[in-house]
Amino acid sequence: MPRGGWGRQGFRAFSEGFVRLSAGCGVAKVLRAEGAGRAYGGGVEVHLVPCLKDNYAYLLHRPGSSEAIVVDASEDAPVLAELERLGLTPKAILATHHHVDHVGGNEGVLARYPGVKVFGYRTDRGRIPGQTDFLEDAQEFDAAGISVKALHIPGHTLGAVAYVAEGAAFTGDTLFAAGCGRLFEGTAAQMYESLNIKLGALPDDTRIYCGHEYTVSNLRFAESLEPNNPAIATKLAWAQAARDKGEPTLPSTLREERMTNPFLRVAEKDVVAKVNERLAQDRSPQAVLAAVRAMKDAF
Ligand code: ZN
Ligand code: FE
């Protein structure tokens, strides 16, 4: 299996410090990455598994437990290797959406671990290999001893889901660091609601784990819209340095996204001004998002 640009080694999300933007001032400082869910008694460890060219799968487990959740089994070989390396047994696969770069490893994981449950949105029935559970919006379930809530976030696809657990949100290709997915099935209005209303209701310190390592190119686009936003410039420099060292730029936080992500900043006057000539009478935030998305498609 070609592994594209990734090294062979998986990343451990919480074993090292991350440079983080400090809220409000846009100045980078080094903060120790906190263990996930510290306040929840035990918490959850999140392991990043680079797959394909620039995808991430994620492994979640409680410290001391050998049971794991796989989010987006992009391809089977690296996911199986990382499960083995960590001594974990998967109990569930959570699919954020039906695209093959997010579910292409389902069958391989199921072949090695029969009986693993596969969660996805109810309307993705027939499109997610091995799907056993057909979720509704806001449905809660337990897997590997972890409570998870599914949020239906259409836009990139109509059946896209974010999985929220222990202060983390796994957002697939709907919310990226500093960007959002292309509108393959949904509308700009749906994407606006998914990003700004549904995900927008989560707390500022929610850690954002998305489906692809697109952060640097997304921030370059964001900088073209808001050249005077210091948070974007600061995070771009940090993200470039991280990628130069082969390190992931994830997780982000919702706070950082609110400071840097143009699709969460469609009410900012600098962003509106940049797309002004593309707007007709409709100057709603949904129309601004549509215009920004069209610009990004051509960036
Ligand atoms: Zn996708
Ligand atoms: Fe994808």
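The values are calculated or read from the model by the stated rules, or taken from the named source; none is laboratory data. This is a predicted model, so every value here is computed, not measured. Neighbour counts are summed over all protein chains in view; Cβ atoms, including those assigned to glycine, are modelled from backbone coordinates with ideal geometry.
Could you please find all residues in segment 258-299 being among the charged types (D, E, K, R) and not in a helix (DSSP H, G or I)? Before the answer, list the steps.
So in segment 258-299, the residues among the charged types (D, E, K, R) come out as 258, 265, 268-270, 274, 277-278, 282-283, 293, 296-297.
Matches in segment 258-299: ARG265, GLU268, ASP282, ARG283.
Return the residue satisfying two criteria in turn: it lies in segment 209-231 and is small (Gly, Ala, Ser) and within 29 Å of TYR58 (Cα to Cα), and of such residues it is nearest to ligand 2 (Cβ to nearest atom).
Initially, segment 209-231 is screened for residues small (Gly, Ala, Ser), giving 211, 217, 222, 224, 231.
Cutting the leftovers down to within 29 Å of TYR58 (Cα to Cα) gives us 211, 217, 222, 231.
Working: GLY211: 5, SER217: 14, ALA222: 20, ALA231: 26 Å.
Once the filter is applied, the top-ranked residue is GLY211.
What residue, among those in segment 119-178 that are of a type in the set (Gly, Ala, Ser), without any contact (Cβ under 8 Å) to a residue 40 or more places away in the chain and not in a strand (DSSP E or B), is farthest from ligand 1 (Cβ to nearest atom)?
ALA138
Being closer than 23 Å to PHE176 by Cα, buried (at least 16 other Cβ atoms within 10 Å of the Cβ), more than 16 Å from ligand 2 (Cβ to nearest atom) and not polar (S, T, N, Q) is the filter here; which residues of segment 123-148 pass it?
LEU135, VAL148
List every residue pair whose Cβ atoms lie under 6 Å apart, where the two residues are 6 or more positions apart in sequence or sit on different chains, the first residue falls within segment 89-107 and is of a type in the set (Asp, Glu), and the second residue, located anywhere, is in a loop (DSSP other than H, G, I, E, B) and within 14 Å of ligand 2 (Cβ to nearest atom).
From residues that are of a type in the set (Asp, Glu), the pairs are ASP101/LEU52; ASP101/SER74.
Among the residues of segment 219-231, are any surrounded by 22 or more Cβ atoms within 10 Å (Cβ to Cβ), under 24 Å from ALA168 (Cβ atoms) and touching a Pro at 6+ places or on another chain (Cβ under 9 Å)?
The answer is yes, given that some residue of segment 219-231 is surrounded by 22 or more Cβ atoms within 10 Å (Cβ to Cβ), under 24 Å from ALA168 (Cβ atoms) and touching a Pro at 6+ places or on another chain (Cβ under 9 Å).
In this structure, is LEU94 more than 21 Å from ALA138 (Cα to Cα) and either buried (at least 22 other Cβ atoms within 10 Å of the Cβ) or modelled with pLDDT of 95 or more (or both)?
Numbers: more than 21 Å from ALA138 (Cα to Cα): no; either buried (at least 22 other Cβ atoms within 10 Å of the Cβ) or modelled with pLDDT of 95 or more (or both): yes.
Criteria not met by LEU94.
In segment 76-118, which residues are part of a strand (DSSP E or B) and within 16 Å of ligand 2 (Cβ to nearest atom)? Talk me through it step by step, then tell me what you get.
First, pick out the residues of segment 76-118 that are part of a strand (DSSP E or B): 89-94, 117-118.
Correct list: ILE93, LEU94.
Looking at (1) within 16 Å of ligand 2 (Cβ to nearest atom); (2) hydrophobic (A, V, I, L, M, F, W, C); (3) out of contact with any strand residue (DSSP E or B) (no Cβ under 8 Å at 6 or more places or on another chain), can you tell me which one ALA160 breaks?
Of (1) within 16 Å of ligand 2 (Cβ to nearest atom); (2) hydrophobic (A, V, I, L, M, F, W, C); (3) out of contact with any strand residue (DSSP E or B) (no Cβ under 8 Å at 6 or more places or on another chain), only one is false for ALA160: (3).
State which residue is surrounded by the most Cβ atoms within 10 Å (Cβ to Cβ) when the search covers only segment 73-91 and only residues that are of a type in the set (Gly, Ala, Ser) and away from ligand 1 (no atom under 16 Å from the Cβ). So that I can check it myself, show each step before the final result.
Applying the first criterion (of a type in the set (Gly, Ala, Ser)) to segment 73-91 yields 73-74, 77, 81, 87.
Filter once more, so that each one left must be away from ligand 1 (no atom under 16 Å from the Cβ): 77, 81, 87.
Details: ALA77: 12, ALA81: 14, GLY87: 9.
Checked segment 73-91; the qualifying residue surrounded by the most Cβ atoms within 10 Å (Cβ to Cβ) is ALA81.
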